[in-house]
1. A:ALA73: under 19 Å from B:GLU38 (Cα atoms), touching a helix residue (DSSP H, G or I) at 6+ places or on another chain (Cβ under 8 Å) and in a loop (DSSP other than H, G, I, E, B), yes or no?
2. Return yes when B:VAL42 is modelled with pLDDT of 90 or more and in contact with a helix residue (DSSP H, G or I) (Cβ under 9 Å, 6 or more places away or on another chain) and no when it is not.
3. Those residues that are out of contact with any Phe, Trp or Tyr (no Cβ under 6 Å at 6 or more places or on another chain) and either surrounded by 21 or more Cβ atoms within 10 Å (Cβ to Cβ) or in contact (Cβ under 8 Å) with a residue 12 or more places away in the chain (or both), I need them from region A:63-80; list them, please.
4. Please go through region A:158-177 and pick out each residue that is assigned to a helix (DSSP H, G or I), surrounded by fewer than 22 Cβ atoms within 10 Å (Cβ to Cβ) and facing chain B (nearest Cβ under 10 Å).
5. Identify, by number, the condition in (1) more than 8 Å from chain B (Cβ to nearest Cβ); (2) surrounded by 15 or more Cβ atoms within 10 Å (Cβ to Cβ); (3) modelled with pLDDT under 50 that A:GLY112 doesn't meet.
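The values are calculated or read from the model by the stated rules, or taken from the named source; none is laboratory data. This structure is a prediction, so every number in the text was calculated from the model and none was measured. Please note: Cβ atoms are built from the backbone with ideal geometry, for glycine as well, and neighbour counts cover all protein chains shown.
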Amino acid sequence: MSASAGAAELSRLLARVAEGDAAAFQIFYDRTSAKLFGVILRIVMERQEAEDVLQEVYVTLWRKAATFDPARASPITWAATIARNRAIDRLRARPARPMVPVEAAHDLADEGPAPDAGLVASHDARRLAEALSLLEPRHAAAIRACYFEGVTYDELAARENVPVGTLKSWVRRGLLRMRGQLEASEA
Amino acid sequence: MSAAPTPDNGLSGLTEDEALAMDYALGALGRAERKAAELRLVGDPAFRARVEQWQTLLSPLDEATAPATPPASVWAAIAAETTAPAPKPAAVAAKAAPAAGWWHNLALWRGLGIGAPVAAALAVVMLAQPGAGNDPGGDVVAMAGGPQLRATLAGADGKPLLAAAFDPASGQVRFAPVAQSDAGAGKVPELWVIEGSNPPRSLGIIDISAGTAHSIPRDRLAGVKQGAILAISIEPIGGSPTGTPTGPVIATGALTAA
């Protein structure tokens, strides 16, 4: 199943979900829950908590299906974004605690694009991975840490022992370059 | 790379909104900043479009995350809460919180995900009876002083939930009445005002149950003006313990001249 065919089918399912179609909702869940659970688990880490968040996310999807607009986002992007946001909300609601063991600090420069490469499948994902690989490694690593771990600028700056302003500019510069790269490769 | 702050660091031309949009989409904001950004998402379509662009741009990253199959118990719980045929209210109440009533339902509207049928019903109740109950004149009558301001507070899906009228002369906000409002369940609604990209500022715990007027202390009135955004979140009794919204934001709307 190609990505666009999958998106079209998921969009049709969501349209039925919006009308209260329970069978369509279950199919939608079967098609998407492993991806969303992976995204949530990666951020909140704890399995029971991830299950709670997943449940919350699908209840939200059920209720918000009518607001899904295929012109604005693909259905899986829409659903995964809601999942990520709920997972990050959960993370933020936790009492403050160290995000990583001390010995894991200062590892931003050591991470590279390699962890993603083997799993990358779609055209968009390959282009994004390539754009990331062209960034300064620290910038790319900071973007990855924020996206995949849900760490805040403050937390990551403390972990990397750099001023928050510096870290923010790494990330923002990286994102802007990445976008420029994607736009250029599209043209 | 120079350790000194660099005036041109590749970020020239980056507007505050664009920076906030990318920070939010990436997920790098702390709790209070996230809440503030989420309130803007509801009330500011241009900002929302920026955020959505970044979300779409970043979303292929999710392909690098290994899928994980959730246990069957999760689907069972979801089905029970959504598609199960006509759940008894008692069963629903027992599952989520030790109380029932209108606010109990609101508390279930996680984050910005608002139950469409409930929202629609409320919109009918509230907008069909503007100023009913304690205000026999229908609409709130402007008092001498500044111009009246109004806001229609809507949920994330754009459906109106509440109509609010603010009278600068008296410092009172009046809400269109809501039937069967019950702030039990250990939760209360709290009103916030947001100016621009500032963090939300509390205007206090409110009672929107019967169209009663809510007086805002004089020292908090400064930001309540045209263009500012009013928002309501659900908080523990006594109000947000942190000074910023901690519970789900159920409705937001911009203040406009009446």
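1. Considered against the rule, which asks whether it is under 19 Å from B:GLU38 (Cα atoms), touching a helix residue (DSSP H, G or I) at 6+ places or on another chain (Cβ under 8 Å) and in a loop (DSSP other than H, G, I, E, B), A:ALA73 comes out as yes.
2. Here the answer is no, as B:VAL42 does not meet what is asked.
3. A:ARG63, A:LYS64, A:ALA65, A:ALA66, A:PRO70, A:SER74, A:PRO75, A:ILE76, A:ALA79, A:ALA80
4. Answer for region A:158-177, where residues must be assigned to a helix (DSSP H, G or I), surrounded by fewer than 22 Cβ atoms within 10 Å (Cβ to Cβ) and facing chain B (nearest Cβ under 10 Å): A:GLY165, A:THR166, A:LYS168, A:SER169, A:ARG173, A:LEU176, A:ARG177.
5. Only one criterion in (1) more than 8 Å from chain B (Cβ to nearest Cβ); (2) surrounded by 15 or more Cβ atoms within 10 Å (Cβ to Cβ); (3) modelled with pLDDT under 50 is unmet by A:GLY112, namely (2).
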